[in-house]
Amino acid sequence: MKNVADIYPLTPVQAGMLFHSLAQTTDQIAPSARAGVYVNQFTCQLTGELTPDWLQQAWQQTVAHHAVLRTAVLWEGLDQPLQVVREQVIVPWQQLDWRALSVSARSHQLSDFLQRDRTQGFDFAKAPLLRLAHIQLTDETYQFIWSSHHLLYDGWSLLLIWQDVLTCYAALSDGKTAVLAAVRPYRDYVAWQQKQDPSAAETFWKGQLQGFVEPTPLPAAQTGHITTGQPYRRQSVKLSVELTSQLSTLARSHRLTMNTLVQGAWALLLHHYSDHAQVTYGSVVSGRPATLRGVELMVGLCINTLPVQVVVDLEQSLIPWLQARLQKLLTLRNYEATPLTEIQRWSDMPQGNELCVSI
């Protein structure tokens, strides 16, 4: 308790991640260490003149600046899980030198390192829930690995963290002390979320999901190609510069967003494969309310997943249909802080079924 700066509850999204992380145990990790899908790995190559000690100090200063990066989570013996902000933490830093290895050996070594690091997981009771590795590959090439638990922050926060790290590194290289901008602490977001009116959200979501009793299946789910526990596979498709420009022009000319175009395309795809006139999928939202001043510079986990229902009428013109989608997405913003577990409880979906198969 001598090293405690603050204590407050988890948000519903954090609590959900904690629950699923605690439920994911394997024979390869100790019971106190949690791996799984919520362990994030960011890795990149850095080229040029670099002073590892300054980079390490820059990260230490950044973690000291943001309370959420010094947070542990306690739950055993408590009525509800709590996040405990430590006054001071030491950021785990691993320094390796692989310059003597061949290119092929370095590639295999890196692959093994990333796999071991992911399997290692995190002990929620020990802050920080992140660790760093800096590997020298050649005289001016370095591999940087940043592993953390998703419970701490979202994708929006990544850029904010990197900006502070680079600011601190630049100051150290100039022999100066970095001056980081004041930021609103994550506990203010937790407090804001606790003040939301659940009755208004319940009325809205019950109206949205009335009569919804069956999730929209993915094609593989219908054909039985999905196997429980099967490792995921990834396929990336890049649109050409010309097509991307055409889509941007289309969106601007009709006062639409690219997000609306993508979600509209996904709804049409689900309709095509499921043959459902009304389809439902999950949409990840930033969850950063405009009414909370300074939230755009806050480091923390604010995202949420919301169910989106779309009626597909192939007789309707495309642009008016997309414009209606945009209006619906804008309406959802007023209730985007609602926990998905509560939304599911308010729906007519039979217990045990998922609201959204695809996100």
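Values computed for the structure shown
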| item | result |
| --- | --- |
| Residue check, A277 modelled with pLDDT under 95, under 17 Å from A324 (Cβ atoms) and open to solvent by 50 Å² or more (accessible area, probe 1.4 Å) | yes |
| Failed criterion for D174 (all others in (1) acidic (D, E); (2) open to solvent by 80 Å² or more (accessible area, probe 1.4 Å); (3) within 20 Å of the chain's Cα centre (by Cα) hold) | (3) |
| Subset of segment 297-334 [more than 20 Å from the chain's Cα centre (by Cα), open to solvent by 60 Å² or more (accessible area, probe 1.4 Å), in contact (Cβ under 8 Å) with a residue 60 or more places away in the chain and farther than 13 Å from T260 by Cα] | N334 |
| All positions within segment 47-105 that are open to solvent by less than 80 Å² (accessible area, probe 1.4 Å), β-branched (V, I, T) and assigned to a helix (DSSP H, G or I) | T62, V63, V68 |
| When residues of segment 148-174 are limited to those that are assigned to a loop (DSSP other than H, G, I, E, B) and of a type outside the set (A, V, I, L, M), the one nearest to D53 (Cα to Cα) | D174 |
| Failed item, numbered, when W146 is tested on (1) within 20 Å of the chain's Cα centre (by Cα); (2) at pLDDT 95 or above; (3) open to solvent by 50 Å² or more (accessible area, probe 1.4 Å) | (3) |
| Residue satisfying condition, being within 27 Å of the chain's Cα centre (by Cα), at pLDDT 90 or above and not charged (D, E, K, R), within set S236, S248, S253 | S248 |
| Residue within segment 119-129 that is acidic (D, E), part of a loop (DSSP other than H, G, I, E, B), in contact with a Leu (Cβ under 9 Å, 6 or more places away or on another chain) and farther than 19 Å from E49 by Cα present | no |
| Any hit, segment 249-265, residues being in a helix (DSSP H, G or I), more than 22 Å from S358 (Cβ to Cβ) and touching a helix residue (DSSP H, G or I) at 6+ places or on another chain (Cβ under 8 Å) | yes |
| Matching residues in segment 335-349 - criterion: being open to solvent by 30 Å² or more (accessible area, probe 1.4 Å) and either touching an Asp or Glu at 6+ places or on another chain (Cβ under 9 Å) or without any contact (Cβ under 8 Å) to a residue 60 or more places away in the chain (or both) | E342, Q344, R345 |
| Qualifying residue in segment 179-197 (condition: in contact (Cβ under 8 Å) with a residue 60 or more places away in the chain, more than 30 Å from M1 (Cα to Cα) and either among the basic types (K, R) or buried (at least 16 other Cβ atoms within 10 Å of the Cβ) (or both)) | no |
| Within segment 198-223, tally of residues that are in a loop (DSSP other than H, G, I, E, B) and open to solvent by 50 Å² or more (accessible area, probe 1.4 Å) | 4 |
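The values are calculated or read from the model by the stated rules, or taken from the named source; none is laboratory data. Since we're looking at a predicted model, the values are computed, not measured. A quick note on method: Cβ atoms are made from the backbone with ideal geometry, for glycine too, and the neighbour counts reach across all protein chains shown. Only protein heavy atoms, including side chains, enter the accessible area calculation; ligands, DNA and RNA are left aside. Shrake-Rupley method; radii C 1.70, N 1.55, O 1.52, S 1.80 Å.
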